[in-house]
Amino acid sequence: MNYNAFVNPATRQVNKAAIASGTPTVASAARWFWWIAGLSLVNTVLIHSGSETSFVIGLGFTLVADVAFQAMKPIAFAIDALAIGFFVLMGWLALRGHFWAFVVGALVYIADALIYLNFGDMMPVAFHAFALFFIIRGAFALRSAITDAEMAAQEHGFTAPAGEPPATPPLTGAQ
């Protein structure tokens, strides 16, 4: 019998949210999306306050919007809000065990790196690659942990170890 703490012994349901939040590599990777969003917000504030300083991890999407629409700030802020909100959402969904959130977030972040590459700014491209390494590593760790839990759930005679309280049912949205 292969017991897995992320599987409810009564229902044999895999709790992907528990896997994501309970696996340090996955949780850390999901939080990278929040760092990206937060530092991009700081970049937006810096640009609109007249500062020449910015973070290399900031989004190229927001940088282009802030520069292109500097005279029309509401449009720049709307584009910034969409880009930053997207990465906040991807982090939230990734932390709830949605593998596709890692994939979509990483693909959009790769597209963002291409903006910096187009302008020949290699420091942000290098930092994008650094962040993507951890995001992709977390996605693979999530996929592996989910596969292990699914295999344990399908094993005949799956039960919690002696003395272990029965697991709680999985969260509704974590399927």
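The values are calculated or read from the model by the stated rules, or taken from the named source; none is laboratory data. Please read these numbers as outputs of a predicted model, since none were measured by experiment. Methodologically, a virtual Cβ is constructed for each residue, glycine included, from the backbone with ideal geometry; neighbour enumeration extends over all protein chains shown.
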| request: Could you list, in sequence order, all residues of the range 85-113 that are farther than 14 Å from Ala30 by Cα and touching a Gly at 6+ places or on another chain (Cβ under 8 Å)? | output: Asp112, Ala113
| request: Filter the range 64-88 for residues that are of a type in the set (A, V, I, L, M) and without any contact (Cβ under 8 Å) to a residue 12 or more places away in the chain and give the result. | output: Ala68, Ala71, Met72, Ile75, Ala78, Ala81, Leu82
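Give Glu155, Glu150 a once-over and let me know the one that is modelled with pLDDT under 90 and more than 25 Å from the chain's Cα centre (by Cα).
Values: Glu150 fails: more than 25 Å from the chain's Cα centre (by Cα).
One residue alone meets the criteria, Glu155.
Out of Phe130, Phe134, I need the residue that is on the phi < 0 side of the Ramachandran plot, part of a helix (DSSP H, G or I) and either among the basic types (Lys, Arg) or without any contact (Cβ under 8 Å) to a residue 24 or more places away in the chain (or both). Which one?
Matching residue, one of Phe130, Phe134: Phe130.
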| Residue check: is Asp112 acidic (Asp, Glu), within 19 Å of the chain's Cα centre (by Cα) and under 27 Å from Ser49 (Cα atoms)? | yes
| message | Suppose we filter Thr44, Thr25 for residues that are in a helix (DSSP H, G or I), within 16 Å of Phe130 (Cα to Cα), out of contact with any Leu (no Cβ under 7 Å at 6 or more places or on another chain) and of a type in the set (S, T, N, Q); which single one remains? | response | Thr25
| message | Which condition from (1) touching a residue at least 24 places away in the same chain (Cβ under 8 Å); (2) farther than 19 Å from Phe140 by Cβ; (3) of a type outside the set (Phe, Trp, Tyr); (4) in a helix (DSSP H, G or I) is the one that Val56 breaks? | response | (4)
| field | So Asp80, is it touching a His at 6+ places or on another chain (Cβ under 7 Å) and not small (Gly, Ala, Ser) | value | no
| request: Inspect the range 104-111 for any residue being at pLDDT below 95 and assigned to a helix (DSSP H, G or I) and give the result as yes or no. | output: no
| request: Residues being under 20 Å from the mean Cα position of the chain (by Cα) and either at pLDDT below 90 or not in a helix (DSSP H, G or I) (or both): count how many of those fall in the range 59-83. | output: 1
| said: For the range 36-53, which positions are touching a residue at least 24 places away in the same chain (Cβ under 8 Å) and surrounded by fewer than 16 Cβ atoms within 10 Å (Cβ to Cβ)? | reply: His48
| note | Of the conditions (1) surrounded by fewer than 16 Cβ atoms within 10 Å (Cβ to Cβ); (2) in contact (Cβ under 8 Å) with a residue 24 or more places away in the chain, the single one that His98 does not satisfy is (1)
| Breaking point among (1) modelled with pLDDT under 80; (2) more than 20 Å from the chain's Cα centre (by Cα); (3) more than 30 Å from Thr147 (Cα to Cα), for Phe55 | (2)
